[in-house]
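Just below is one structure, and these are the notes that go with it.
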Amino acid sequence: MTQVILRSIDTASIKPLIVSALHAEESELKTGILKTRGKLSAFEKKYNMSTDNFLNTPPESLPFNELEAIEWSGEYETLKRLEVELSRLMKIEICS
């Protein structure tokens, strides 16, 4: 377990500020996840292929150019990264 201790020279509690910042980050991550899922869905509809099938298809068998394949796989990697970050964020407990 990682622990971080924050101190402020201000007499006001910094807990509400930290909670607010964590909620803002959560909101940004969720928005990013929704947008990325939308982009993946657009690829899936355009090519009538799930992202899983796309990822398991040899590149030479894909019915589109390499640039689109790179973009599709990049969106998938972005989604996975955002989901990991959100999962880590949701495990944070503020102790006071």
For residues that are at pLDDT 95 or above and surrounded by 14 or more Cβ atoms within 10 Å (Cβ to Cβ), scanning just region 50-62, find the one that is nearest to residue 1 (Cα to Cα). 51
Output the number of the condition that residue 52 fails; it satisfies all remaining conditions of (1) over 30 Å from residue 96 (Cβ atoms); (2) part of a loop (DSSP other than H, G, I, E, B). (2)
If a residue must be in a loop (DSSP other than H, G, I, E, B) and either loosely packed, with under 13 Cβ neighbours inside 10 Å or without any contact (Cβ under 8 Å) to a residue 12 or more places away in the chain (or both), how many such residues does region 63-91 contain? 3
Out of curiosity, is residue 45 more than 11 Å from the chain's Cα centre (by Cα), in a helix (DSSP H, G or I) and exposed (fewer than 10 other Cβ atoms within 10 Å of the Cβ)? yes
Given the options 39, 30, 15, name the one that is in contact (Cβ under 8 Å) with a residue 12 or more places away in the chain, surrounded by 12 or more Cβ atoms within 10 Å (Cβ to Cβ) and touching an Asp or Glu at 6+ places or on another chain (Cβ under 7 Å). 39
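The values are calculated or read from the model by the stated rules, or taken from the named source; none is laboratory data. Predicted model only: the values in this text are computed from it and were never measured. FYI the Cβ positions are ideal-geometry reconstructions off the backbone, even for glycines, and counts take in every protein chain you see.
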